[in-house]
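The values are calculated or read from the model by the stated rules, or taken from the named source; none is laboratory data. Note that the structure is predicted; figures quoted are calculated from it, not measured. Glycine gets a Cβ as well: all are built from the backbone with ideal geometry, and neighbour counts include every protein chain shown. These accessible areas exclude ligands, DNA and RNA; they are computed on the full protein's heavy atoms, side chains included. Shrake-Rupley method; radii C 1.70, N 1.55, O 1.52, S 1.80 Å.
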There are 2 protein chains.
Amino acid sequence: MTGAVHQASLAVRRMGIETQQEYVVYMHRDCHVCRAEGFEAQARVQLHLNARSIIATLNVVDPPLLELGVAGLSNSAWRALKPLHGDRITVSHAPTLDSMSQVRAKIYGHRLDAPALDSIIHDVAAGRYPGTHIAAFLSACAGGRMDLQETIDLTRAMVAAGDRLDWGHAPIADKHCVGGLPGNRTTPIVVSIIAAAGLTIPKTSSRAITSPAGTADVMETMTPVSLGIEQMRRVVQREGGCLVWGGALALSPADDMLIRVERPLDLDSDAQLVASVLSKKIAAGATHSVIDVPVGPTAKVRSVEDYQRLKELLEQVAQACGLNLQVVRTVGTQPVGRGIGPSLEALDVLAVLQGAAHAPVDLGVRAVALAGQLLEFCGHSGPGTGEAIAQRLLASGAAWAKFQAICEAQGGLREPTLSRLREPVLAQRDGLVHAIDSRRLARVAKLAGAPRAPAAGIKLHVRLGDRVEAGMPLFTLHAEAPGELAYALEYLAAHPVIDVGEPR
Amino acid sequence: MTGAVHQASLAVRRMGIETQQEYVVYMHRDCHVCRAEGFEAQARVQLHLNARSIIATLNVVDPPLLELGVAGLSNSAWRALKPLHGDRITVSHAPTLDSMSQVRAKIYGHRLDAPALDSIIHDVAAGRYPGTHIAAFLSACAGGRMDLQETIDLTRAMVAAGDRLDWGHAPIADKHCVGGLPGNRTTPIVVSIIAAAGLTIPKTSSRAITSPAGTADVMETMTPVSLGIEQMRRVVQREGGCLVWGGALALSPADDMLIRVERPLDLDSDAQLVASVLSKKIAAGATHSVIDVPVGPTAKVRSVEDYQRLKELLEQVAQACGLNLQVVRTVGTQPVGRGIGPSLEALDVLAVLQGAAHAPVDLGVRAVALAGQLLEFCGHSGPGTGEAIAQRLLASGAAWAKFQAICEAQGGLREPTLSRLREPVLAQRDGLVHAIDSRRLARVAKLAGAPRAPAAGIKLHVRLGDRVEAGMPLFTLHAEAPGELAYALEYLAAHPVIDVGEPR
């Protein structure tokens, strides 16, 4: 009897409903499968098609939206199951999610051991956790509640849940920025310098999590970044480096699922951060990684104590996982460069690579320092010589040529698009710029539409210590939709972001 | 410009998609409002219709599911906005959820003060928290991470977020069971005895959270329980008592939202439990409440230490909120009565009230003890006399008459329906019943369809210490759908629930 029930199948239809990462199946209220299995609206059900299966949320629908015998699939579920014409799916109860008992144990204050983390991350990567369960897991692990061994085990579990690249030689260079400093887009410049120096740097980047732009968002305004593993391999073999989106590879699929929930929750967790960063480097085959951690009152890492804690955790977890790691503390008191948002940051990157007269000096200096450190760390340059070599590769145009070559190999270099809607925000008084709130600036850029609207964001016209006069523009808001521009202005009216005061 | 954008309106259509508590709005990919505001799939948006507004999740749809200029509403969103023919809605960005910064602070280990809890609970009650945010809040507060003052403030915030009844006199009696013991359905019996004694007991009950049946689920198999406040008031004025579902009243609306997320997460938290229980009693106008806490190895409260901690927390929070409270510890080593699941438990309740020969003795004894205690606590009976008075009211048929009168006042008494599908589960060997796992039994009853399928569940044929022979039925599974019966049997094959062994 059981077999017969489980075999009952349904024709499928693409509903044309975009639910993003959530898989949704729509079933007729009187559908025989629905009734036989006792499914109710919002139940979690398993959909089977040939060898593929996914866990989806059931939305029960009234006629006439669906006829009997047909199941509707959200666009995401359709993409995952890839039905062909005439294919039929079977539907069963979602299997018991045993790993949730581990999540509950963590919520109740117990440690998670390696098998527990493996089972959770395996289920997350397989799409078995609905958003609420992922949120519970993230909350239980945030706020310093993961110890060193748990963080190591989480990192290993995240590597094990995905593919892992092997480049067949060493060193494989890598750089990373912990973020929190708007406009700190050194990666494209560093990768170009390192690859121009002849080293291998297969760089994967993320999209924004809680910021107005990730490196992948910025690169995407100039070149395709959603490359598969084989495409990425060809680019790296040809040019020594790449600048691709990590999410299109299956290097750490659990991390991608976690990040989609973490982003709207705006949660930060050292353990999650370290596991997310290091699992992707290890999976990408890196052997030598330099990590930039900006420290400042409104950056992600706010104090030297926080920096020290994060540095030690990164180093300890990297060592346990066999990755050579250097952590570099940089100044994080104000945004880097002028642009905040994908296109506007891309313009800064291009100006630095091209040696343009208007290029933001701070961005170039930071990129060269990191590249120099990485050259020395990989044994390419002797101690104390890396920075000068990096500077020469940038100034000579070698890095710019390499950047163009990488973009060509990825599918072509294009100009970032600019926004139609712009609104300057003016100084209310004469004085000196005393403080710039990076967090609020990032917030404003996001309200204006970044990173989804690539041309949206902020162009800064002042830096700390600048003298301004009332009526001078402090920055210009860029947006692609009037509603979003209005929304950002509304927030700005209540939340000042640049403090202009008396000379001190 | 802002005004114009925010005024842009859309016609509405009921999509006929059941998403339960989640509000979903469906908008055409090329909809002018969608484009002007920069909305993306899964964004949280605010829908306005006349004076009403809700926060909904946006699902972007492809043609031809919706034409341009029309927004589709999920059934839940339609019920909340109540559009009339020709009504148009406006759509704007969901306001910034400032209270989430308090949730994050709690996740990071900080205390929540009264204003913080007020703001969180206010936003939750207003439907502004998506499931992921509620899950984060619940996880941050579970596992003993709320101190006494936080629990008091949470309770007060939950009372403040809803309506509050005032009966104009005292005492107002109430009883409650913390749960975890399948079949422990004393409430309908206690309410009937207390009301028969002439006291006022306006009892509101919940539906199941993590169990196979809540009192509201059981009562619903016999009478309507979804009464509004005015209907409930009329029943209580006429009969002195009622047995209604608390969720249909707006007594603690935040609690209902929290419970819907808590249920699939299967999270237990003392603070959440205490706030949930006490906020509803206080909002319902109770002055004297007796709380039954079963203690046993597979009950919700497993040890005397856990009982003591919960009792003190209940008493301290009740005192701070001006509620007279007595906590009673009862034996929780095995299920009570024979039925587990709404209809099967209702049959036990009816048998006890009717004094039937086959009535389960343990259920009657427990109900009489609790009713006796409550009679004394309210000052109706002298010390040591309550139980005898309660027993007399039950044995005389006065309680049964009162139960029928209450059901009639609520809309009529009906027979619980019985299941079509039954499957006995047999003893594998001769021996004595050594242990009954209440948690697993509850799990099996839920897999069989309870509480959603009211006739589904378990009928127990043995109790602790009974002698059984191989092939005798230990219990019978009841189900309404073959798939669910199969699902419960599948679980049973791997998870034994009744331990039959050598006489010891």
Any residue at all in the range A:345-358 that is outside any loop (DSSP other than H, G, I, E, B), open to solvent by 40 Å² or more (accessible area, probe 1.4 Å) and outside the structural domain of A:VAL497 (by TED's automatic domain parsing)? yes
For the range A:409-452: of the residues being over 23 Å from the mean Cα position of the chain (by Cα) and over 17 Å from A:PRO473 (Cβ atoms), which is modelled with the lowest pLDDT? A:ARG420
Can you pull out every residue in the range A:450-501 that is free of Cβ contacts under 8 Å to residues at least 12 places away in the same chain, outside any helix (DSSP H, G or I) and open to solvent by less than 60 Å² (accessible area, probe 1.4 Å)? none
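Residues checked against (1) of a type in the set (Asp, Glu); (2) more than 8 Å from chain B (Cβ to nearest Cβ); (3) closer than 16 Å to B:ILE107 by Cα:
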residue: A:SER92; (1), (2), (3): no, no, no
residue: A:GLY109; (1), (2), (3): no, no, yes
residue: A:ASP113; (1), (2), (3): yes, yes, no
residue: A:LEU117; (1), (2), (3): no, yes, no
residue: A:ILE120; (1), (2), (3): no, yes, no
residue: A:VAL124; (1), (2), (3): no, yes, no
residue: A:ARG128; (1), (2), (3): no, yes, no
residue: A:ALA135; (1), (2), (3): no, no, yes
residue: A:CYS141; (1), (2), (3): no, yes, yes
Subset of the range B:237-271 (residues that are within 29 Å of B:LEU350 (Cα to Cα), in contact with a helix residue (DSSP H, G or I) (Cβ under 9 Å, 6 or more places away or on another chain) and not small (Gly, Ala, Ser)): B:ARG238, B:GLU239, B:CYS242, B:LEU243, B:VAL244, B:TRP245, B:LEU249, B:LEU251, B:ASP256, B:ILE259
Would you confirm whether any residue within the range B:375-392 is of a type outside the set (Lys, Arg), farther than 18 Å from B:ALA173 by Cβ, in a helix (DSSP H, G or I) and in contact (Cβ under 8 Å) with a residue 40 or more places away in the chain? no
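Can you give me the ranges of the helices (runs of 4 or more DSSP H) entirely in the range A:169-239 with at least 1 residues that are closer than 23 Å to A:THR417 by Cα and either over 15 Å from the mean Cα position of the chain (by Cα) or not assigned by TED's automatic domain parsing to the domain that holds A:TYR307 (or both)?
Ranges flagged: A:187-196.
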For the range A:335-348, what are the residues that are touching a helix residue (DSSP H, G or I) at 6+ places or on another chain (Cβ under 7 Å) and under 17 Å from A:HIS461 (Cα atoms)? A:PRO335, A:VAL336, A:GLY337, A:ARG338, A:GLY339, A:ILE340, A:GLY341, A:GLU345, A:ALA346, A:ASP348
Failed criterion for B:SER53 (all others in (1) open to solvent by less than 20 Å² (accessible area, probe 1.4 Å); (2) among the hydroxyl-bearing types (Ser, Thr, Tyr); (3) more than 13 Å from chain A (Cβ to nearest Cβ) hold): (1)
Exactly one of these conditions fails for A:ALA250: (1) in a helix (DSSP H, G or I); (2) under 24 Å from A:GLY127 (Cα atoms); (3) open to solvent by 10 Å² or more (accessible area, probe 1.4 Å). Give me its number. (1)
Checking the structure you have, find out if any residue of the range B:207-225 is open to solvent by 40 Å² or more (accessible area, probe 1.4 Å), over 18 Å from B:CYS177 (Cα atoms), touching a residue at least 60 places away in the same chain (Cβ under 8 Å) and aliphatic (A, V, I, L, M). no
Return the residue satisfying two criteria in turn: it lies in the range B:286-329 and is among the polar types (S, T, N, Q) and at pLDDT below 95, and of such residues it is surrounded by the fewest Cβ atoms within 10 Å (Cβ to Cβ). B:SER303
Look at B:LEU84 and say whether it is at pLDDT 90 or above and touching a Lys or Arg at 6+ places or on another chain (Cβ under 7 Å). no
Here are B:ILE121, B:ILE172, B:ILE134, B:ILE152: which of them is touching a Gly at 6+ places or on another chain (Cβ under 7 Å), at pLDDT 95 or above and among the hydrophobic types (A, V, I, L, M, F, W, C)? B:ILE172
I'd like to know if the range A:188-203 contains one or more residues that are within 15 Å of A:ALA442 (Cα to Cα) and touching a helix residue (DSSP H, G or I) at 6+ places or on another chain (Cβ under 8 Å). no
